[in-house]
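Read through the structure below, which is laid out as structure tokens, and then see the notes.
The values are calculated or read from the model by the stated rules, or taken from the named source; none is laboratory data. This is a predicted model, so every value here is computed, not measured. Neighbour counts are summed over all protein chains in view; Cβ atoms, including those assigned to glycine, are modelled from backbone coordinates with ideal geometry.
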Amino acid sequence: MSRPKTATIAVRTGIESDTQHHAVVPPIYLSTNFGFPAFGEVPKYDYTRSGNPNRGLLEQALSELESGAGAVVTNCGTSALNLWVSAFLGPDDLIIAPHDCYGGTYRLFNTRAQKGDFNVLFVDQSDTQALNLALEQKPKLVLLETPSNPLVRVVDIAQVCEKAHQAGAKVAVDNTFLTPIFQKPLELGADFVIHSTTKYINGHSDVIGGVIITKNEKDSEDLAWWGNCIGATGTPFDSYMTLRGIRTLAARMRVHEDSANHILAYLRSQSLVGKIYHPSLPEHPGHEIAKKQQSGFGSMLSFEFSGSFEQLKYFVGELQLFSLAESLGGVESLICHPASMTHRAMGEEALEKAGVSQQLLRLSVGLEDADDLINDLEQAFNKAKELHR
Ligand SMILES: *Cc1c(COP(=O)(O)O)cnc(C)c1O
């Protein structure tokens, strides 16, 4: 059989693997410990922090989906990022991260750098000159987040990887926004892929989790060692749930994106909407790169609300089908005001530098009927318009 495609890997990993009762769906092993078959004979799994069958299956699925050599599943996306820097950076080492990265990533790297654990430079990675200057400082690691959060900026993964490798750095891509269904960073030259599996991968907003997938086996062995050492690994129940979520990943991503396209077309005709940020738009600066390196544009989008701030708050409050909440990538649609929610830890100066204005709203387009979502936006915009009449 030829190499299975992503949807097949997502659905089939671990199916019919139970040798005891031939359960079609792999059973859950909540046990914290596993017996030694005989004195001195170390089993595959001995203690769940270091390894567990459910986490093992999830790691296998994610590694195969991303075309990796191995993976370590962690208890959240942040701990995947923390595990990565803990394993590879010392006090004299430098990491380059996007200036508009996920707020929690910014807080983690910034705080640990202030403690002297390593050095960090936050760079606008779509600015070639700024990136080249940063690479001259010989970083050990480079983190990319493409598309970025919340402005969905796109950077050329293959190009940055080539330059970073010349400078002696290894590259990780935070692929949370697109998943392997729409983007495969390891195939574009990256050394690591990181996910908050909390988002699209699990997809049902009911499990916090993360993963690092590696291009080479040695890195995954090192990360597994460190994951056990610092206690960053994911639980059996979370792993079971996340693999269950992955079964429908390919189908979900298609509908997410299709609905996002309908909503984008609607937003373009709406007078209270200013600039729209989504890589599918021809005027988006990363459109051509996105077309080259992604197999889909994804369903995260942002826009500037062009009415008053009072109207913005009123609009958000009148929405029925977009919950005002952080996170993203679940079946339910969400609206977020990054400056006061996901990105508030950045502080005003960093927000401004990253281009995150008070007027910016971010949508995570869910799996409700697209017409219902558009009707909901329309009624809320209409109410906001009446506010100043
Ligand atoms: C949510 C998120 C994270 C952090 O993951 P948690 O599971 O919340 O710890 C990292 N990067 C991106 C892009 C995210 O959206």
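Within the range 144-174, the only residue that satisfies the criterion of being within 11 Å of the ligand (Cβ to nearest atom), farther than 15 Å from ASP124 by Cβ and of a type in the set (D, E, K, R) is ASP174.
Considering the conditions (1) crowded, with 16+ Cβ neighbours inside 10 Å; (2) in contact with a helix residue (DSSP H, G or I) (Cβ under 7 Å, 6 or more places away or on another chain); (3) over 30 Å from HIS337 (Cα atoms), VAL73 is excluded by exactly one of them, (3). Taking first residues from the range 267-286 that are within 17 Å of ALA384 (Cα to Cα) and partners that are of a type in the set (S, T, N, Q), the Cβ contacts under 6 Å between residues at least 6 apart in sequence or on separate chains come to LEU272/SER306; GLY274/SER306.
Note on the range 175-191: among residues that are within 13 Å of the ligand (Cβ to nearest atom) and hydrophobic (A, V, I, L, M, F, W, C), the one that is surrounded by the fewest Cβ atoms within 10 Å (Cβ to Cβ) is PHE177.
What do you reckon, is ALA290 among the small types (Gly, Ala, Ser) and either farther than 27 Å from ALA10 by Cα or not assigned by TED's automatic domain parsing to the domain that holds CYS336 (or both)? In short, no. Set side by side, the residues GLY274, GLY203, GLY227 differ, and just one is within 16 Å of the ligand (Cβ to nearest atom), more than 26 Å from ASP156 (Cα to Cα) and not in a loop (DSSP other than H, G, I, E, B), which is GLY227. Of all residues in the range 319-368, those that are part of a strand (DSSP E or B) and farther than 16 Å from ILE276 by Cβ total 3.
Here the condition is being within 16 Å of the ligand (Cβ to nearest atom) and in contact with a His (Cβ under 6 Å, 6 or more places away or on another chain); of GLY77, GLY103, it holds for GLY103 alone. Residues that are at positive phi, in contact (Cβ under 8 Å) with a residue 24 or more places away in the chain, touching an Asp or Glu at 6+ places or on another chain (Cβ under 7 Å) and not in a helix (DSSP H, G or I): does the range 293-309 have at least one? Yes, some residue in the range 293-309 is at positive phi, in contact (Cβ under 8 Å) with a residue 24 or more places away in the chain, touching an Asp or Glu at 6+ places or on another chain (Cβ under 7 Å) and not in a helix (DSSP H, G or I).
Listed by position, the helices (runs of 4 or more DSSP H) inside the range 1-88 whose residues that are over 20 Å from GLU217 (Cα atoms) and among the small types (Gly, Ala, Ser) number at least 2 are 6-12, 77-88.
Can you name the residue in the range 328-340 that is among the hydrophobic types (A, V, I, L, M, F, W, C) and in contact with a helix residue (DSSP H, G or I) (Cβ under 9 Å, 6 or more places away or on another chain) and, of all such residues, is surrounded by the fewest Cβ atoms within 10 Å (Cβ to Cβ)? Can you show your working first?
Let us first name the residues in the range 328-340 that are among the hydrophobic types (A, V, I, L, M, F, W, C), namely 328, 331, 334-336, 339.
After this cut, where a residue has to be in contact with a helix residue (DSSP H, G or I) (Cβ under 9 Å, 6 or more places away or on another chain) as well, the list is 331, 335, 339.
Working: VAL331: 16, ILE335: 19, ALA339: 19.
For the range 328-340, the residue satisfying everything is VAL331.
Of the residues contained in the range 85-92, one or more are found to be away from the ligand (no atom under 15 Å from the Cβ), touching a strand residue (DSSP E or B) at 6+ places or on another chain (Cβ under 7 Å) and in the same structural domain as ASP174 (by TED's automatic domain parsing). List the residue pairs whose Cβ atoms are under 6 Å apart, where the first residue sits in the range 91-107 and is under 17 Å from THR146 (Cβ atoms) and in contact (Cβ under 8 Å) with a residue 40 or more places away in the chain, the second is more than 11 Å from the ligand (Cβ to nearest atom) and polar (S, T, N, Q), and the two are 6 or more positions apart or on different chains. Pairs found: PRO98/GLN125.
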